[in-house]
Structure formats: C-alpha cells, structure tokens
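The structure appears below as structure tokens.
The values are calculated or read from the model by the stated rules, or taken from the named source; none is laboratory data. In this text the structure is predicted, and so the values were computed from the model without any measurement. Heads up, the Cβs are rebuilt from the backbone with ideal geometry, glycines too, and the neighbour counts pull from every protein chain shown.
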Amino acid sequence: MQEAIAEHIPEGILIFTCVSRITFLQDNSWLELAHYNHIAPHAGIYTHGEYDRVNGRIRMLNMTLVSASFREGEIPEGKKPAHLPELISMNENLSLVQRLARFINIASMEIEAANKQLKSLAEQDRLTKVFNRGEIENIFKYHLEEQPEHLSAIMIDLDNFKSVNDTFGHETGDRVLINTAKCLSTGVRVSDSVGRWGGEEFLVILPDVPLETAISIADRLRKRIECQPPLDDGRRTTASMGVAEVQSDEDYINFYKRLDANLYTAKKNGKNRVVG
C-alpha cells in the first residue's frame, strides 16, 4: 500500500495517530519526520502526552491527532491557487494550537477549492461552460417534481452543423458552439437554465413560463443566434427550435417526446424556425 501511494500520488500525507504512531512512511522516514518532531515528538509507538503512568499503570490519553501534508516541487504554472494565505512568522510565541489551526485552515481552503473544481467538472460542459446533459436533465426533473403552475422548455438544434465542421474544421465548429451557448445564456433570466444536450443540441429550461411566452423567448433566442458573426463563406448560423410546456400529470419521458417532436417538425418545415 505504501509503495502504491508513493508511486501514484504526487502528494504525501503523514498521520500521527493515537495508537499506531505513524502511517504512510516513505523510504527515509527520519528525514521526513524530523521537521514535525516539535509538533508531535514520539517515544516508541506513542507520542509524548498520549500516555501517563498512574499507580504503576500506563493510562492512554486519546487526545492527539496531527496530520502533516506536504507536496514536493514547484506548483505548475497555471495551477497556483487564486488566493494564497498570508504568511505568518513561526516564532516561539506562536502556540502549537495556533500552528495546527493554521495548518487546518490552509488544508481546508485547498480541499474546498478542489471540491469546487470537481463539482464544476461533474456539472459543466467542458467546451461551452453551460450545464452538461446529466445536470440539465437533473434540473428539469427537479422543477418537474416541484409541480409549478407553468414549466416550459426549448430544445435547440443548430442547422447544417455537420457541414460547418466538414468545411471549416472542428475548431470553427467549436467556436460556433461556444458562441451559441453565450447567446443562450445571456438571453434568458438568471432563474432559467441552459445546458448542452449533446453535439449541436441545447436545452433551455424556463420555470414559471407558459407556452406562449416560451415560444416568444425561443424566437428571440433564434434571432440572437442568427446575429452571430458570419462564417468565412458568408453563411449565417441558424437554429431550429422545439418548444413545449409540461401538461398536468405529465412525466419526463412523455414531455421529452413532445418537445423532440416539435423540434423535428421545425427541422422538417425548413429549419431556422420555432415550433411549439
């Protein structure tokens, strides 16, 4: 286990426990532990202060837990945290409790930043920075369970997108997707949600919006997409949109079928239009 940790993890963790003194030692344990001896000096398998002799018996004091975390080498450029805690002087007047509290504070900040990054990766589409399919689906199901008076959605499909990739390459195609996501995100309310459904398809969720209003919003978004800068051959980016409002007692699957059918009708009837 020790070897696996050393080989696969760039950061090491030393844990001084209350029973099994030290866990996760590396090759040269003395060298690595020497710096922490003033925090938790040890004798045998215990640290000082964890045992006490009373009437000829040794009494264990379950009171000390010190974790020492460290990384080797410089932090790679671009990966340095946005906020670095202020350095403080480690003088003799600074108590061990203060030092440990500071260590825990720094470690907590790093863990919080890592958790935010993981949450972002789990919810966000890496290219367009809007919600990914899994998360936008979860958001819609959440609103559906709340049973609001009105709940509408818009399914968007970019017209002739395959020919954009084939003609100009995937870099241009990616730029079109990114710009489209921006048009959608900046064209709706804060309470609305935008997600990439897959490929060149997007989904916009409109809570508390009736069908007629949702159709009007969809047409406005369609015009915003068409106003993007033209491609090198002069063609404009256009999109077909299907709109639907959740009906009474309608489940997610049946609603999606209606929404997708409206999108199909918009594509079939000439594209660059809204059907609801």
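Listed here are the residues, each with its yes/no results for (1) over 18 Å from residue 228 (Cα atoms); (2) charged (D, E, K, R); (3) out of contact with any helix residue (DSSP H, G or I) (no Cβ under 8 Å at 6 or more places or on another chain); (4) assigned to a loop (DSSP other than H, G, I, E, B).
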| residue | (1), (2), (3), (4) |
| --- | --- |
| 111 | yes, no, yes, no |
| 138 | yes, no, yes, no |
| 154 | yes, no, no, no |
| 157 | no, yes, no, no |
| 163 | no, no, yes, no |
| 173 | no, no, no, no |
| 177 | no, no, yes, no |
| 191 | yes, no, yes, yes |
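Contact map, the stretch 160-179: residues that are assigned by TED's automatic domain parsing to the domain that holds residue 229 and closer than 13 Å to residue 236 by Cα paired with residues that are part of a helix (DSSP H, G or I) and among the acidic types (Asp, Glu), Cβ distance under 7 Å, separation 6+ or inter-chain. No pairs are found. Just so you know, in the stretch 228-242 the residues that are over 17 Å from residue 192 (Cα atoms) and within 31 Å of the chain's Cα centre (by Cα) include one that is surrounded by the most Cβ atoms within 10 Å (Cβ to Cβ), and it is 239. In this entry, residue 257 passes the filter for residues that are in a helix (DSSP H, G or I), surrounded by fewer than 18 Cβ atoms within 10 Å (Cβ to Cβ) and of a type in the set (Lys, Arg). Summed over the stretch 193-222, residues that are exposed (fewer than 13 other Cβ atoms within 10 Å of the Cβ) and in a loop (DSSP other than H, G, I, E, B) total 1.
Of the residues 149, 123, 137, the single one that is surrounded by 14 or more Cβ atoms within 10 Å (Cβ to Cβ), among the acidic types (Asp, Glu) and touching an Asp or Glu at 6+ places or on another chain (Cβ under 9 Å) is 123. Within the bounds of the stretch 115-135, is there any residue that is out of contact with any helix residue (DSSP H, G or I) (no Cβ under 7 Å at 6 or more places or on another chain), modelled with pLDDT of 75 or more and in a helix (DSSP H, G or I)? Scanning the stretch 115-135, I find at least one residue that is out of contact with any helix residue (DSSP H, G or I) (no Cβ under 7 Å at 6 or more places or on another chain), modelled with pLDDT of 75 or more and in a helix (DSSP H, G or I), so the answer is yes. Take the conditions (1) surrounded by fewer than 22 Cβ atoms within 10 Å (Cβ to Cβ); (2) in contact (Cβ under 8 Å) with a residue 24 or more places away in the chain; (3) under 18 Å from residue 272 (Cβ atoms); residue 225 misses just one of them, which is (1). Pairing each residue of the stretch 249-269 that is outside the structural domain of residue 146 (by TED's automatic domain parsing) with any residue that is modelled with pLDDT of 95 or more and in a helix (DSSP H, G or I), provided the two are 6+ apart or on different chains, yields no C-beta distance under 8 Å.
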